[in-house]
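Below you'll find the structure, written out as structure tokens, and then a few comments.
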Amino acid sequence: MNRLDAIHTWVFDLDNTLYPSQAAVMSQVEGRMTEYVMKSHALEREDARKLQQRYYADYGTTLNGLMSNRSDVDIAHFLDFVHDIDHSVIDPDPDLAAHIGKIDGRRLVYTNGSRLHAERVIDQLGLNGLFEDLFDIEASRYVPKPSREGFDAFTGRYGIEPATAVMFEDSLRNLETAAELGFTTVFVRPHHHEGEPGEARPHVHFETDSLNTFLKNVHAHREKPKDPSYD
């Protein structure tokens, strides 16, 4: 935990990070993305699902894949369509609100989703007013994580020095770029992750199954009296 003593900026991914990955949020979004690809490409559902997954794997987001392969994508319509979901499946989290509110430093959200979606998630969780800003896919000019260009847009906008920043993410490939830039990284393990806890991952500095528990431990570490023998 001593590594976190020098952290001044706390960066949180949104989906499957601020709320548990078991919440049926991204399954709804992914279903809407498949439906969008079905309509825009005149494909059957299974073929549309395969294409959507390929776009995500190759381009970072389905939207980036669509933009890279088609010239007729209505970006605003796509974002509104895929995030038109039931956000009430997210349970309010007063404990998380207390832990985040207690953080001494800047707090930001960095998401590949839309700002409206981020606002709805934050509202549902009960985290309103706890973040300096929400940096969404539009703010990054539609260049998604894990692209270095997207990260540079994010750090540049807020004047972030990665050496004094920590990033919480459920995506290992996003954390890889963050670590390359000098961020301290925390992997918030999604419940479906198949790897073993603690397996060798040089770009992951911390790993947790619970954001709440991790932040609770951070606060306990910071409140612990310092050993005078180290002065």
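The values are calculated or read from the model by the stated rules, or taken from the named source; none is laboratory data. Since this is a predicted model, take the numbers as computed values, not measurements. Note that we place each Cβ from the backbone using ideal geometry, even for glycine, and neighbour counts take in every protein chain shown.
Quick check: is even one residue across region 84-93 outside any helix (DSSP H, G or I), surrounded by 13 or more Cβ atoms within 10 Å (Cβ to Cβ) and among the aliphatic types (A, V, I, L, M)?
Yes, region 84-93 contains at least one residue that is outside any helix (DSSP H, G or I), surrounded by 13 or more Cβ atoms within 10 Å (Cβ to Cβ) and among the aliphatic types (A, V, I, L, M).
Need the failing condition index for Tyr56 against (1) touching a residue at least 40 places away in the same chain (Cβ under 8 Å); (2) in contact with a Gly (Cβ under 9 Å, 6 or more places away or on another chain), just the number.
Every listed condition holds for Tyr56 apart from (1).
Scan region 47-57 and give yes if some residue there is crowded, with 18+ Cβ neighbours inside 10 Å and among the charged types (D, E, K, R), otherwise no.
yes
Among (1) part of a helix (DSSP H, G or I); (2) buried (at least 17 other Cβ atoms within 10 Å of the Cβ); (3) at pLDDT 95 or above, where does Gly65 come up short?
Result: Gly65 fails condition (3) only.
Looking only at region 24-46, count every residue that is part of a loop (DSSP other than H, G, I, E, B) and surrounded by 18 or more Cβ atoms within 10 Å (Cβ to Cβ) and tell me the total.
To start, the set of residues in region 24-46 that are part of a loop (DSSP other than H, G, I, E, B) comprises 24-25, 42-44.
Retained after the next criterion (residues that are surrounded by 18 or more Cβ atoms within 10 Å (Cβ to Cβ)): 25.
Number of matching residues: 1.
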